[in-house]
Amino acid sequence: MDFTIRAVRPEEHEELGEITARAYLDDGHLDFGEDDGYLHVLRDVARRAAEAEVLVAVDGDGTLLGGVAFTPGGREYADIAVEGEAEFRMLAVAHAARGRGAGEALVRACVARARELGSARLVLSTQSGMARAHRIYQRLGFVRRPERDWKPVPELEPLLVLALEL
């Protein structure tokens, strides 16, 4: 592994926001493209860092490769995790950094953090078209929980829920 996983620094908020926004936009995960209201949320790392733990992957040269938000269940930043669970959101890796294992390392860091907190399971929401991420989740043992799928935007497809029992 030629990178480190650590907490995001304030001076990295803007860059991580852009990495996250570009990953979602360029991979076609925003239904309304540049006009998607979620784009602002993806760019707002300062808010994420204030309400959740934001982890980043950084290489030896200090280049930011990607990041993820982690939160225990029952907190404001949790979309689907309830008390006793943990959740991660907005996993994103810069296009130039893909294939180096940063995404999987960020997920593994979330698994480790959930275990540290004594969570019963780690959950996440994902879109059906996020195949690259799904491969990571499957490798790490996450399973579909269709009974928990949900629709944050009623006119769009539901988000799929996956869970890892800890």
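The values are calculated or read from the model by the stated rules, or taken from the named source; none is laboratory data. This one's a predicted model, so the numbers in the text were calculated from it and none came from an experiment. FYI the Cβ positions are ideal-geometry reconstructions off the backbone, even for glycines, and counts take in every protein chain you see. With ligands, DNA and RNA removed, areas are computed over all heavy atoms of the protein, side chains included. Shrake-Rupley method; radii C 1.70, N 1.55, O 1.52, S 1.80 Å.
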| message | Can you pull out every residue in segment 119-152 that is touching a residue at least 60 places away in the same chain (Cβ under 8 Å) and of a type in the set (A, V, I, L, M, F, W, C)? | response | Met130, Trp150
| query | Would you call Thr71 polar (S, T, N, Q) and either closer than 24 Å to Ser119 by Cβ or surrounded by 15 or more Cβ atoms within 10 Å (Cβ to Cβ) (or both)? | reply | yes
| query | Quick check, is Arg48 among the basic types (Lys, Arg) and either closer than 19 Å to Leu160 by Cβ or open to solvent by less than 60 Å² (accessible area, probe 1.4 Å) (or both)? | reply | yes
| Single condition Leu55 does not satisfy, out of (1) part of a strand (DSSP E or B); (2) open to solvent by 40 Å² or more (accessible area, probe 1.4 Å) | (2)
| note | Listed by first then second residue, the pairs whose first member lies in segment 5-34 and is touching a residue at least 40 places away in the same chain (Cβ under 8 Å) and β-branched (Val, Ile, Thr), whose partner is open to solvent by less than 60 Å² (accessible area, probe 1.4 Å) and in a helix (DSSP H, G or I), with beta carbons under 8 Å and at least 6 positions apart or on separate chains, are Ile5/Ala105; Ile5/Leu106; Ile5/Ala109; Val8/Leu16; Val8/Val45; Val8/Ala49; Thr20/Leu42; Thr20/Val45
| query | What are the residue pairs meeting all of these: first residue in segment 47-62, first residue within 14 Å of Glu15 (Cα to Cα), second residue in a loop (DSSP other than H, G, I, E, B), Cβ atoms under 6 Å, and 6 or more apart or on different chains? | reply | Ala49/Val8; Val54/Val8; Val56/Val8
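Results for (1) within 23 Å of Glu12 (Cα to Cα); (2) in contact with a Ser or Thr (Cβ under 8 Å, 6 or more places away or on another chain); (3) not aromatic (Phe, Trp, Tyr), shown as yes or no for each residue.
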{"position": "Glu85", "(1), (2), (3)": "no, yes, yes"}
{"position": "Arg89", "(1), (2), (3)": "yes, yes, yes"}
{"position": "Glu104", "(1), (2), (3)": "yes, no, yes"}
{"position": "Gln138", "(1), (2), (3)": "no, no, yes"}
{"position": "Phe142", "(1), (2), (3)": "no, no, no"}
| message | Looking at segment 24-40 only, could you name the residues that are assigned to a helix (DSSP H, G or I) and exposed (fewer than 13 other Cβ atoms within 10 Å of the Cβ)? | response | Asp26, Gly33, Glu34, Asp35, His40
| field | The one condition in (1) closer than 24 Å to Asp36 by Cα; (2) open to solvent by 60 Å² or more (accessible area, probe 1.4 Å) that Leu124 fails to fulfil | value | (2)
| field | Candidates Ala21, Ala112, Ala105, Ala69, filtered to the one that is among the small types (Gly, Ala, Ser) and in a strand (DSSP E or B) | value | Ala69
